[in-house]
Amino acid sequence: MLAPVAEAYFGERELTGLLTESAGRWPGFAAELTEATGADIGYRTEGTLMVGLTADDLAEARRLWAYQQGLGLPVTPLRPSQLREREPALAPGVRGGALAVTDHQVDPRRLVAALRGAAERAGVLLVPEPVRQLSDVAAGVTVVAAGCGAAALTGLPVRPVKGQVLRLRASGGGPPGFRHVIRGYADGEHVYLVPRDSGEVVVGATVEERSDVDISAGAVLRLLRAAVDLLPELAEYDLVETVAGLRPGTPDNAPILGPLPDRPGVLAATGHHRHGIVLTPVTADLITGLITGEGADEPLLTPFRADRFRIHSAGSEQSREDDAWN
Ligand SMILES: Cc1cc2nc3c(=O)[nH]c(=O)nc-3n(C[C@H](O)[C@H](O)[C@H](O)COP(=O)(O)OP(=O)(O)OC[C@H]3O[C@@H](n4cnc5c(N)ncnc54)[C@H](O)[C@@H]3O)c2cc1C
């Protein structure tokens with residue numbers, strides 16, 4: 001999801017600003033990538049419906065929508081009848097919702113394949129080997145974009161935050177029976193449903209302070225129950241994939257962008273946590289500006305500098321734990 005509005009949470013104002021900035025760059029970025037590669041990256045702009053199943057769910061959601069509206073973000077409340085005009089497949093019991101018209105989606109698997117193709121065409125040499133330590137890299141400028149692996153390489157406080165996701169497909173292979181991304185509160189569970197052009201529906205996601213990528217029965221149960229509570233027809237879809245990934249989380253949930261103190265020539269582009277896809281264009285632009293020197297004073301970077309955290313000797317487990325308490 002490219003969701004600067006739905007992901008605008010209390011206490012994350014600066015991150016919300018960066019998400020909004022990057023989402024604004026997405027149409028141009030998608031067009032440029034499609035033109036360079038001819039690839040369809042599944043960029044879709046139908047918008048996102050945020051819905052609440054029960055009265056309590058709706059009360060919780062409305063508190064957040066009021067905050068988001070207070071920031072000037074485009075959140076349009078919808079009555080149940082208006083919701084069902086847009087998505088007739090929603091469960092009759094859904095109490096209410098809101099539209100975030102600027103929250104879009106892209107298919108991350110297609111995106112990564114297209115970026116890889118574009119990079120290779122531009123002359124990038126890909127060396128598929130792990131870097132054990134930064135001193136092994138002979139380069140004038142090194143960008144550490146290693147997700148959770150950045151902690152071991154740099155000592156930055158980046159930790160894995162596990163997310164389990166399901167993929168469903170309509171039996172018979174037709175398109176999903178809804179068009180918007182749907183983000184729901186369903187009897188206390190948070191769930192999102194993303195309809196893909198390929199016919200798949202992505203159901204996500206758990207948020208777990210763990211570093212394994214195992215699939216747990218309980219997570220599948222909770223995700224499916226919440227999904228079917230909101231969109232009953234999903235019960236008849238095929239379950240085609242279960243997968244878990246690790247978000248590179250930071251203590252303040254915001255990315256770390258820019259030079260590492262005391263490490264000349266090393267730039268961090270990591271800690272993107274829940275937002276690495278939406279933040280792709282702005283991260284690329286900001287890091288390119290630092291490499292060329294033309295964007296060294298870019299004010300957008302200021303809240304996301306590496307020196308807002310204590311940086312420990314690379315790879316120290318204990319020091320990363322310490323950071324969580326600081
Ligand atoms: C379940 C789930 C749902 C998500 N949903 C969304 C969403 O809707 N929208 C959104 O914007 N974001 C979402 N995210 C977050 C997004 O996927 C991440 O923020 C993003 O993948 C981070 O990208 P990255 O390239 O920094 O790190 P990664 O994707 O983790 O990639 C890092 C790469 O570096 C490699 N690496 C690590 N260490 C080394 C080393 N020492 N040497 C060489 N290579 C190394 C790894 O193998 C990996 O290939 C989601 C994440 C999860 C898990």
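Between ASP40 and ASP262, the FRET efficiency from the beta-carbon distance, with R0 = 30 Å, is close to 0.10. Which angle from 0 to 90°, rounded to the nearest 10, does the C-alpha axis of helix 280-292 make with the longest principal axis of the chain? It is inclined by approximately 10 degrees.
Semi-axes of the equivalent ellipsoid for the stretch 69-210, please: Cα gyration tensor eigenvalues, times 5, square-rooted, ordered largest first, whole Å.
Details: eigenvalues 298, 79, 51 Å².
They are 39, 20, 16 Å, listed from largest to smallest.
Accessible area ranking (1.4 Å probe, heavy atoms, ligands and nucleic acids excluded), largest first, for ARG225, ARG169, ARG247, ARG13: ARG13, ARG225, ARG169, ARG247. Roughly to the nearest percent, how much of the accessible area of the stretch 175-298 is carbon and sulfur, given a 1.4 Å probe? So the carbon and sulfur contribution to the accessible surface is 50 percent.
ASP307 sits among other residues whose Cβ lies under 12 Å from its own Cβ, and their net charge, with Lys and Arg +1 and Asp and Glu -1, is +3. Pick out, from VAL131, GLY258, GLY276, the residue whose Cα sits farthest towards the positive end of the charge dipole of the chain, with +1 on the Cβ of Lys and Arg and -1 on the Cβ of Asp and Glu. So the residue we want is GLY276. Note on the stretch 59-103: Rg/Rh from Cα positions, Kirkwood definition for Rh, rounded to two decimals, is 0.99. In the chain, the DSSP-assigned H stretches of four residues or longer account for a calculated mean residue ellipticity at 222 nm of -10000 deg cm²/dmol, using -39500 (n - 2.57) per stretch and the full residue count as denominator.
With the charge dipole of the stretch 1-117 set up from +1 on Lys and Arg Cβ and -1 on Asp and Glu Cβ about the Cα centre, the Cα lying farthest toward the positive end among the listed residues VAL51, LEU33, PRO80 is that of PRO80.
Considering every alpha-carbon pair of the stretch 182-326, the percent of pairs per 10 Å bin, from zero through the bin containing the longest distance, is 9, 30, 27, 21, 11, 1. Across MET1, MET50, the residue with the most accessible area heads the list, and the full order at a 1.4 Å probe is MET1, MET50.
Excluding ligands, DNA and RNA, the accessible surface per residue across the stretch 151-278 is 39 Å² with a 1.4 Å probe. Just so you know, the averaged projected area of the alpha carbon convex hull for the chain sits at 17.4 nm².
Computed about the Cα centre, the dipole magnitude for the chain is approximately 320 debye when only Lys and Arg (+1) and Asp and Glu (-1) carry charge, each at its Cβ. Which value, in Å² and to the nearest 10, is the accessible area of GLU236 when all protein chains are kept and the probe is 1.4 Å? Only protein atoms counted, so the area is about 140 Å².
With the chain treated as a Gaussian network of Cα nodes joined by springs under 10 Å, which of ASP229, ASP307, ASP262 yields the largest mean-square fluctuation? Highest fluctuation of the listed residues: ASP262.
Measuring with a 1.4 angstrom probe and ignoring ligands and nucleic acids, ARG222 comes out at about 100 Å² accessible.
On a 1.4 Å probe surface of the protein chains, which of VAL203, VAL101 comes out largest in accessible area, and what is the full order? Display every interim value, and only then the final one.
On the way: VAL203 0, VAL101 75 Å².
The residues order as VAL101, VAL203, largest area first.
If I compute solvent accessible area with a 1.4 Å probe over the protein chains, what percent of it on the stretch 1-123 is carbon and sulfur? Roughly 53 percent, rounded to a whole number. When only the Cβ of Lys, Arg, Asp and Glu is charged (+1, +1, -1, -1), the dipole of the stretch 135-231 relative to its Cα centre reaches about 240 debye.
The values are calculated or read from the model by the stated rules, or taken from the named source; none is laboratory data. The model shown is predicted, which means the values in this text are computed figures rather than measured ones. Positions of Cβ are generated from backbone atoms using ideal geometry, with glycine treated the same way; all protein chains shown enter the neighbour counts. The area values use the complete protein model at the heavy-atom level, side chains included, leaving out ligands, DNA and RNA. Shrake-Rupley method; radii C 1.70, N 1.55, O 1.52, S 1.80 Å.
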